4 protein chains.
Amino acid sequence: MTSDGDSDAARMAHRQLIQRLREFADARDWEQFHSPKNLSMALIVEAAELVEHFQWVTEQKSLQLPAEKLAAVEQELADVFIYLVRIADRLGVDLVDAAWRKIEINERKYPAAEVRGKAGKSSDF
Amino acid sequence: MTSDGDSDAARMAHRQLIQRLREFADARDWEQFHSPKNLSMALIVEAAELVEHFQWVTEQKSLQLPAEKLAAVEQELADVFIYLVRIADRLGVDLVDAAWRKIEINERKYPAAEVRGKAGKSSDF
Amino acid sequence: MTSDGDSDAARMAHRQLIQRLREFADARDWEQFHSPKNLSMALIVEAAELVEHFQWVTEQKSLQLPAEKLAAVEQELADVFIYLVRIADRLGVDLVDAAWRKIEINERKYPAAEVRGKAGKSSDF
Amino acid sequence: MTSDGDSDAARMAHRQLIQRLREFADARDWEQFHSPKNLSMALIVEAAELVEHFQWVTEQKSLQLPAEKLAAVEQELADVFIYLVRIADRLGVDLVDAAWRKIEINERKYPAAEVRGKAGKSSDF
């Protein structure tokens, strides 16, 4: 995390977040429930709570959320992120490293010149 | 990101990832498809691809994935992370900051002494 | 199932579908994998394959799918239905009976006069 | 639906359920929100509410749910079924017919002799 105007909380490293979540689970003796299988379920439940905020909303409106709704959406994004960091940690996966490598794969899979303006069947961003 | 033995890729800041994903979408003229509504759908689709790897696997086995399976799971985690970073950026949400604030909320909601060893109905980690 | 012009396949009773799915699983010795926990995961994976067909498509276009796309969507709907019937059977739940009772609950929860034209926060249909 | 000891509610035909859901939406002027795109989102949200009941529960326990939990799960199954019937209706898809045809496809895709006892990568039941 760079120090270019980010909030103090944001400056905390990804690695510190991992550690904080380990402590949170250990303090509650919750590691027993945190198999990757279970965590994948918890993660998709949070992803659905995010989807729920948009299901009756138009695409246009989803770009202009009222403050109260945005605050709620922010918490769902946090929940998804928390479970994502936790499951990656439990599996020994470096999340940021994996993301950069996947972007490279996506670059080759969807060359800009070929796919420009066409979403087609692609579900890869 | 700290520099305590992480891979070069992992040292890249969260902010650089946000920028990289903007460039990726712009180069393909895909911003038109990236309403938060649509991105929430894309995110849950990737979360489901993660769940799919575990649906017939026992909790125990999910902790000991064979190398080939782990590599595939790693890509799904990356896909979820990529869409999460992208949708947060489109909504102007600081993802890491939101995560730390949510952990504080969870601390108060689930005091360690009260919930120790009990998952109960909680879906909050 | 009434006999008012439905196709021959459609006339088969819900109960026969339940039985067919039991036979399908037994013939493959797959009951061991069909805990309700696992089946809930399989169900949401199929629901996501349905969502995937619509993630980059506008609401308007989703009402006018080309024939090839509609055929693919039809298979995803079938997959969701198959897992839904199977998990209900494994839990001893009468799916159609539960649906009718839930509609009654929804009637009282969302009186037509009060909610007309407003989706609001409701995720109940 | 056959009349072999099912409850009165269960005897109501699938077609009557379709009609009831149309009336429910029309009375509330909710058809405007019921694009297949939106309904696919609503469906996966309900599927996730089902998953949530099982995320911290073992496979074994999921086969022996306490009465109170089973009643809640029953409502989630009903919610999924309601949205599934509704989206199929909006798309002009015969859900039961599609399920029977998909079972035939699955029979050929997973010959019993070949897949007996092995879940492998299959996500098709």
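The values are calculated or read from the model by the stated rules, or taken from the named source; none is laboratory data. Since the model is a prediction, treat every value here as computed from it, not as a measurement. Here the Cβ is made from the backbone with ideal geometry for all residues, glycine too, and neighbour counts use every protein chain on show. Accessible surface is based on the protein model in full, side chains and every heavy atom, while ligands, DNA and RNA are left aside. Shrake-Rupley method; radii C 1.70, N 1.55, O 1.52, S 1.80 Å.
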Some residue of segment D:75-96 being more than 30 Å from A:Glu31 (Cβ to Cβ), free of Cβ contacts under 8 Å to residues at least 60 places away in the same chain, in contact with a Ser or Thr (Cβ under 8 Å, 6 or more places away or on another chain) and not in a helix (DSSP H, G or I): yes
Looking at (1) open to solvent by 70 Å² or more (accessible area, probe 1.4 Å); (2) under 25 Å from D:Ser62 (Cβ atoms); (3) basic (Lys, Arg), which is the only condition A:Arg90 fails? (1)
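Check whether at least one residue in segment C:8-16 is touching a residue at least 24 places away in the same chain (Cβ under 8 Å) and crowded, with 17+ Cβ neighbours inside 10 Å, and report yes or no. Quick ask: steps written out before the conclusion?
If we filter segment C:8-16 for residues that are touching a residue at least 24 places away in the same chain (Cβ under 8 Å), which is where we start, we get C:14.
Retained after the next criterion (residues that are crowded, with 17+ Cβ neighbours inside 10 Å): C:14.
Yes - at least one qualifying residue is present in segment C:8-16.
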Can you spot a residue in segment B:98-107 that is surrounded by fewer than 21 Cβ atoms within 10 Å (Cβ to Cβ), away from chain C (no Cβ under 14 Å) and touching a residue at least 12 places away in the same chain (Cβ under 8 Å)? yes
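Scan segment B:55-70 and tell me whether some residue there is assigned to a helix (DSSP H, G or I), within 14 Å of chain C (Cβ to nearest Cβ) and touching a Pro at 6+ places or on another chain (Cβ under 9 Å).
Filtering segment B:55-70 down to residues assigned to a helix (DSSP H, G or I) leaves B:59-62, B:67-70.
From what's left, within 14 Å of chain C (Cβ to nearest Cβ): B:59-62.
Applying the additional criterion that residues be touching a Pro at 6+ places or on another chain (Cβ under 9 Å) yields B:59, B:62.
Checking segment B:55-70: at least one residue is assigned to a helix (DSSP H, G or I), within 14 Å of chain C (Cβ to nearest Cβ) and touching a Pro at 6+ places or on another chain (Cβ under 9 Å).
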For segment A:22-54, give me the residue count where each residue is within 17 Å of the chain's Cα centre (by Cα) and more than 7 Å from every other protein chain (Cβ to nearest Cβ). 4
Scan segment C:19-51 residue by residue and report those that are open to solvent by 40 Å² or more (accessible area, probe 1.4 Å) and touching a residue at least 24 places away in the same chain (Cβ under 8 Å). C:Arg22, C:Glu49
